[in-house]
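**Q** Structure below; questions to follow.
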Amino acid sequence: MKSAIFDMDGTVLDSMREWDNLSANHLRSLGVEPPDDLTDIIKEMSLDDSLKYLMGRFKLWKTKEEFLVQMREQIHIMYRDRVKLKPYAVEYLQKLKRDGIPFGIATATPKKYAEEALTRLGVYDMFDFVICEDDVGADKHSPDIYFEAARRLGTEPAETAVFEDAPYAARTAKKAGFIVYVIEDKSFVNRKDELLKLADTYITGFRELL
């Protein structure tokens with residue numbers, strides 16, 4: 001590989017459990033017990049799609065803006081205070097730096113939250129850039145964000161590694177011709193067989209690449 005594109009949540013950051021529980025915890029704060037299938041339903045949705053789903057299913061908010069104000073505050077607190085790096089993420093990024101391999105972040109998370117968390121954790125300046133789905137106008141069911149990241153890195157898909165944890169994102173990158181590294185995350189461990197088929201390289205943690 002000549003460059004690398006990193007997903008952020010569940011890949012660089014150990015944050016998927018926070019995301020998995022975010023909507024359920026918000027419903028509980030409003031006095032509603034979330035259904036058992038909620039996490040599985042919204043896990044692969046974009047933030048906007050999950051918002052539409054929750055508003056349609058639970059009828060708890062009069063306007064989209066009311067819902068967004070509440071959720072933005074919870075997300076802000078999560079990234080500002082709680083999320084942590086995956087083990088050995090820093091060491092692997094340092095290795096790429098030593099090897100002269102450029103890399104950036106391509107995330108579904110709004111940029112201001114991504115930048116806040118990465119800065120707090122001391123790794124923001126290690127990345128050549130951070131782009132989010134809003135920058136390209138499409139979620140990771142489309143390869144647009146990966147193509148834009150590769151353009152910024154100056155490498156072709158076939159020589160660019162994409163690090164992902166989610167099956168749908170890994171599938172998109174694979175179909176678009178990228179080298180796919182899957183890092184195992186508990187949020188998708190029940191889909192390991194599927195991820196193994198998608199991955200050019202499957203790792204349980206960054207330590208394996210040191």
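Just so you know, all these numbers are worked out from the coordinates, no wet-lab data involved. What you see is a predicted model; the values in this text were computed from it and never measured. Here Cβ is always computed from backbone atoms with ideal geometry, including for glycine, and neighbour counts include all displayed protein chains.
**Q** Quick one: check the C-alpha center-to-center distance for the range 22-100 versus the range 152-189, whole angstrom.
**A** 21
**Q** Measure nothing but the geometry: give the 0 to 90° angle between the long axis through the Cα atoms of 111-120 and the longest principal axis through the Cα atoms of the chain, rounded to 10°.
**A** The angle comes out near 70 degrees.
**Q** For the chain, take the longest principal axis of its alpha carbons; what is the angle in degrees between that and the long axis of helix 144-153, to the nearest 10 within 0 to 90?
**A** 40
**Q** Could you work out how far helix 64-77 tilts from the main Cα principal axis of the chain, as a 0 to 90 degree angle to the nearest 10?
**A** 50
**Q** Separation between the residue 201 and residue 64 pseudo-spin-labels, each 7 Å from Cα along Cα→Cβ, expressed in nm?
**A** Placing both labels 7 Å beyond Cα along the Cβ direction yields 4.1 nm.
**Q** Which whole-number percent gives the relative contact order of the chain, counting Cα pairs below 8 Å spaced six or more residues apart?
**A** For the chain, the relative contact order is 27 percent.
**Q** Let me ask something else. Among 39, 76, 19, whose Cα projects farthest towards the positive end of the dipole of the range 16-82, with charges put on the beta-carbon of Lys, Arg (+1) and Asp, Glu (-1)?
**A** Going by the charge dipole, the pick is 76.
**Q** Would you mind working out the magnitude of the charge dipole of the range 162-210 relative to its Cα centre, with +1 at each Lys and Arg C-beta and -1 at each Asp and Glu C-beta, to the nearest 20 Debye?
**A** The dipole of the range 162-210 has a size of about 140 debye.
**Q** Beta carbons within 10 angstrom, averaged per residue: use that to sort the peptides 12-19, 37-44, highest first.
**A** 12-19, 37-44
**Q** For the chain, just the Cα set please: Rg and Dmax, both in angstrom.
**A** Answer for the chain, Rg first and Dmax second: 17.0, 53 Å.
**Q** Could I ask something else about it? Roughly how big is the range 16-82's charge dipole about its Cα centre, with Cβ charges of +1 (Lys, Arg) and -1 (Asp, Glu), in debye to the nearest 20?
**A** That gives the range 16-82 a dipole magnitude of about 240 debye.
**Q** Oh, and also: Using the Cα atoms as the points, what is the convex hull volume per residue of the range 56-107 in Å³?
**A** About 131 Å³ per residue, rounded to a whole number.
**Q** Provide, for q = 0.29, 0.30, 0.34 Å⁻¹, the log10 of I(q)/I(0) from a solvent-free Debye sum over equal Cα point scatterers in the range 1-44.
**A** Normalising to I(0) and taking log10 leaves -1.02, -1.05, -1.15.
**Q** When 46, 29, 3 are ordered from fewest to most other Cβ atoms inside 10 Å of their Cβ, what list results? Could the numbers behind the result be given before it?
**A** Numbers: 46 15, 29 10, 3 21.
Ordered from fewest to most neighbouring Cβ atoms within 10 Å, 46, 29, 3 come out as 29, 46, 3.
**Q** Give me the dipole magnitude in Debye, nearest 20, for the chain about the Cα centre, with unit charges on the beta carbon: positive for Lys and Arg, negative for Asp and Glu.
**A** Using Cβ point charges on Lys, Arg, Asp and Glu, the chain gives about 160 debye.
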